[in-house]
Amino acid sequence: MNILSKINGLDDFKKLNLLELKKLSSEIRKFLIEKVSVTGGHLASNLGVVELTIALHKVFNSPEDKIIWDVGHQAYVHKILTGRKEQFDTLRQFKGLSGFPKIKESIHDSFETGHSSTSISAGLGMALARDLKGEKYSIISVIGDGALTGGMAFEALNHAGHSKTDFIVVLNDNEMSISENVGGLSKYLNRIRTAPTYFKVKDDVESLLRKIPAIGESVVRTAQKTKDTIKYFFVPGIIFEELGFTYLGPVNGHNIEDLIEVFKRAKNIKGPILVHVKTRKGKGYSFAEKHPDKFHGIGPFNIQTGKKLKVNSSKTYSEIFGEILVKLAEKDSRIVAITAAMPSGTGLSLFASKFPERFYDVGIAEQHAVTFAAGLAANGIRPVFAVYSTFLQRGYDQIIHDVCLQNLPVVFAIDRAGIVGQDGETHHGVFDLSYLRHIPNLKILAPKDGKELEKMLEYAFKQESPIAIRYPRGVSEDLCIDEKNNVDRAEILRKGKDVCIIAIGKMVKTGLEVSKLLEKEGIMTTVINSRFVKPLDKDTILNEIKNIDTVITLEDNVKSGGFGCGVLELLNENGIKGKKFKIFGFPDKFVEHGSVDVLFKEYKLDFKSIALSILELLKKKEI
Ligand SMILES: Cc1ncc(C[n+]2csc(CCOP(=O)(O)OP(=O)(O)O)c2C)c(N)n1
Ligand SMILES: CC(=O)[C@@H](O)[C@H](O)COP(=O)(O)O
Ligand SMILES: [Mg+2]
């Protein structure tokens with residue numbers, strides 16, 4: 001690591017010659033593999049953008065010039081070059097280096113990302129602000145071919161193209177989203193990947209055509225009028241040209257010289273430019289090149305074998321969901337499944353292989369996915385949209401306007417609800433209970449374990465109205481199962497006279513642990529597994545708290561507008577007064593990255609901290 005060890009920031013980097021840059025790219029790859037094999041992280045995307053990032057930083061001058069990384073999972077090389085390589089041992093750990101761009105981490109991180117397809121909108125906003133202030137520098141948005149499938153990216157291209165402002169979009173095309181990329185645009189990009197590199201602007205082609213006697217003026221006129229002409233054959237990125245961009249490319253994204261040349265050219269052309277760069281996801285590490293999906297986001301692994309280090313044999317909630325869905329779909333041919341570019345993460349791969357004709361990967365298009373599900377349901381099909389809690393935030397209006405207003409039987413299987421861990425602020429699923437609970441017609445459930453998820457899914461497909469089931473990231477630890485108890489009622493797990501704990505989802509386990517700990521202190525608790533966030537099982541809850549002075553709720557959602565607020569509303573509406581009441585959930589702040597256990601302790605939501613808080617509460621008089 002001769003060259004890398006001497007680089008402590010962009011000033012050192014800027015002095016390197018081409019040969020040194022080439023060596024540096026190999027050293028960076030080795031460094032990334034070594035570090036991510038220990039901490040885990042988004043390896044394959046970063047291995048693919050080594051030369052691209054080097055060339056960008058060689059041609060542009062960060063932080064004056066601003067680079068915006070779409071999704072931001074591929075910004076590790078940028079972090080290395082901008083003075084953060086020493087922090088890589090702490091990557092994605094609590095208080096350590098974030099896996100995404102963070103303004104507080106560096107002045108070279110000009111905009112924060114985590115969710116996809118935002119970089120062009122943000123870049124355009126920054127470019128137009130620059131123009132308004134009369135300033136001069138470059139703004140570069142780097143977006144992947146997967147992120148380009150998101151609707152926002154198109155909205156922004158449409159706006160940027162006619163804005164005529166100086167703005168560069170770098171399309172990092174590796175033919176992959178997390179899984180294989182999907183859709184018509186992806187097919188179009190595949191076609192133009194093989195075209196010769198094209199550095200001229202569309203107008204040049206027209207003047208070239210004019211000079212060919214056999215073609216001449218009339219063809220140019222026709223070319224200007226119709227889309228199906230020779231002009232479209234000559235200009236590979238015509239879609240972008242028609243939107244108002246100058247298209248440059250396709251360029252080999254692993255050739256630093258070519259990249260430097262194209263970026264220099266882009267820097268000097270006026271108006272919006274799109275540079276199409278072809279890269280290979282996982283480049284330089286055979287296992288990641290072969291399985292870019294597995295190495296997209298990976299836990300600690302063995303570098304020699306490419307195998308994950310920690311293998312937990314228990315099933316994850318996603319796997320359980322996928323398996324049950326297949327069973328249900330075998331019995332009911334109306335059941336179909338939708339994903340927005342997360343087939344494996346949501347556990348839908350099995351369903352996709354069993355029922356390819358009933359499986360839809362719509363790309364990174366959560367809004368479309370929700371309304372598409374509404375359309376299917378409106379025409380007699382039973383869709384389930386399996387989606388991470390944080391990404392469903394994108395579909396909020398569609399849930400209200402297209403699904404719930406018409407009371408359509410769409411099932412939302414909301415994965416990664418609660419704290420997800422190392423991805424941090426942008427990815428924790430701690431808002432869903434609050435952004436869903438106030439929507440009329442929607443039922444919201446959360447299972448205490450995998451077995452209950454199974455029952456809840458069966459229940460969901462029997463409903464004639466929308467229903468959301470939310471469950472956490474990771475493996476399910478089975479608690480007790482009450483065969484007689486249907487999931488349409490709350491479940492009483494323990495009975496006690498001093499405190500009533502009403503818990504939802506994975507916090508039911510915590511509730512039981514709290515209860516056992518308090519019992520050692522002579523405090524007897526009732527523990528209710530609410531199962532429903534909405535509608536609450538009013539009869540069970542009111543009956544159980546009748547003779548108990550202290551009521552607490554547990555949830556892995558923010559407190560504001562969440563499950564506890566729902567219980568509080570229930571008590572209020574039923575005239576229940578004079579009890580001590582406390583909501584345990586996440587506070588009104590963005591929760592940082594770190595392991596799930598560490599974060600629960602940090603926010604005093606582990607069972608010991610909760611038990612201590614309850615003891616405090618019992619000492620106090622009424623609140
Ligand atoms: C709104 C949203 N939906 C889903 C995701 C999950 N996600 C993260 S990266 C990714 C694939 C992105 O593909 P691409 O932009 O081509 O980048 P690559 O990993 O290929 O470099 C997906 C689906 C996300 N971050 N944001
Ligand atoms: C960057 C991104 O949004 C995804 O890659 C996400 O990190 C996946 O999370 P899981 O590891 O929970 O599937
Ligand atoms: Mg890609």
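The values are calculated or read from the model by the stated rules, or taken from the named source; none is laboratory data. Here the structure is a predicted model, which is why all the values come from computation and not from measurement. Note that each Cβ is placed from the backbone with ideal geometry, even for glycine, and that neighbours are counted across all protein chains shown.
Some points to look at:
- Number of residues in the range 566-597 that are without any contact (Cβ under 8 Å) to a residue 40 or more places away in the chain and either part of a helix (DSSP H, G or I) or touching a Pro at 6+ places or on another chain (Cβ under 7 Å) (or both) equals 7.
- Per the listing Leu52, Leu19, the residue uniquely more than 16 Å from ligand 3 (Cβ to nearest atom), more than 28 Å from Ser595 (Cβ to Cβ) and of a type in the set (A, V, I, L, M, F, W, C) is Leu19.
- Single residue of Lys66, Lys79 found to be crowded, with 19+ Cβ neighbours inside 10 Å, basic (Lys, Arg) and closer than 27 Å to Lys270 by Cβ: Lys66
- Which listed residue is among the polar types (S, T, N, Q), closer than 14 Å to Ala468 by Cβ, surrounded by fewer than 23 Cβ atoms within 10 Å (Cβ to Cβ) and in the same structural domain as Ile324 (by TED's automatic domain parsing), from Gln393, Gln406, Gln367: Gln393
- Asp89 vs. criteria outside the structural domain of Ala341 (by TED's automatic domain parsing), assigned to a loop (DSSP other than H, G, I, E, B) and at negative phi: no
- Any hit, the range 56-74, residues being under 26 Å from the mean Cα position of the chain (by Cα), part of a helix (DSSP H, G or I) and modelled with pLDDT of 95 or more: yes
- Restricted to the range 105-145, and to residues there that are surrounded by 19 or more Cβ atoms within 10 Å (Cβ to Cβ) and acidic (Asp, Glu), the residue that is farthest from ligand 1 (Cβ to nearest atom) is Asp109.
- Any hit, the range 67-81, residues being out of contact with any Ser or Thr (no Cβ under 8 Å at 6 or more places or on another chain) and more than 16 Å from ligand 1 (Cβ to nearest atom): yes
- Unmet requirement for Ala460, which otherwise passes all of (1) small (Gly, Ala, Ser); (2) more than 21 Å from Val596 (Cα to Cα); (3) at pLDDT below 95: (3)
- Single residue of the range 25-56 satisfying the filter (of a type in the set (Ser, Thr, Tyr), away from ligand 2 (no atom under 15 Å from the Cβ) and touching a residue at least 40 places away in the same chain (Cβ under 8 Å)) that is farthest from Val275 (Cα to Cα): Ser37
- Only listed residue being free of Cβ contacts under 8 Å to residues at least 12 places away in the same chain and either within 16 Å of ligand 1 (Cβ to nearest atom) or in a loop (DSSP other than H, G, I, E, B) (or both), chosen from Gly496, Gly505, Gly522: Gly522
- All conditions but one from (1) modelled with pLDDT of 90 or more; (2) within 15 Å of ligand 1 (Cβ to nearest atom) apply to Arg193; the one that does not is (1).
- Among the residues of the range 430-452, some residue qualifies, meaning at least one is in contact with a Phe, Trp or Tyr (Cβ under 8 Å, 6 or more places away or on another chain), more than 28 Å from Leu376 (Cβ to Cβ) and touching a residue at least 60 places away in the same chain (Cβ under 8 Å).
- Restricted to the range 409-449, and to residues there that are of a type in the set (Gly, Ala, Ser) and closer than 25 Å to Gly594 by Cβ, the residue that is surrounded by the fewest Cβ atoms within 10 Å (Cβ to Cβ) is Ser434.
- In the range 110-122 there is at least one residue matching the filter, namely being within 14 Å of ligand 2 (Cβ to nearest atom), farther than 22 Å from Leu24 by Cβ and of a type in the set (Asp, Glu).
- Of the criteria (1) in contact with a Phe, Trp or Tyr (Cβ under 9 Å, 6 or more places away or on another chain); (2) over 26 Å from Phe295 (Cα atoms), which one Glu366 fails: (2)
- Matching residues, the range 244-262, being within 14 Å of Ile168 (Cβ to Cβ) and touching a Gly at 6+ places or on another chain (Cβ under 9 Å): Gly244, Phe245, Thr246, Tyr247, Leu248, Gly249, Leu259, Val262
- Pairs meeting the criteria (first residue in the range 129-148 and at pLDDT 95 or above, second residue more than 16 Å from ligand 3 (Cβ to nearest atom) and hydrophobic (A, V, I, L, M, F, W, C), beta carbons under 6 Å, at least 6 apart or on different chains) are Ser138/Phe60; Ile139/Met126; Ile139/Ala127; Ile139/Phe167; Ile140/Ile67; Ile140/Ile168; Ser141/Ile68.
- Single residue of Ala340, Ala377 found to be crowded, with 19+ Cβ neighbours inside 10 Å and within 16 Å of ligand 3 (Cβ to nearest atom): Ala340
- Answer residue from the range 253-289, given it is in contact with a Lys or Arg (Cβ under 6 Å, 6 or more places away or on another chain) and within 16 Å of ligand 3 (Cβ to nearest atom) and is nearest to Ala156 (Cα to Cα) among those: Lys278
- Subset of the range 390-436 (residues that are away from ligand 2 (no atom under 14 Å from the Cβ), under 24 Å from Gly474 (Cβ atoms) and not in a loop (DSSP other than H, G, I, E, B)): Gly395, Val411, Phe412, Ala413, Asp432, Leu433, Ser434, Tyr435, Leu436
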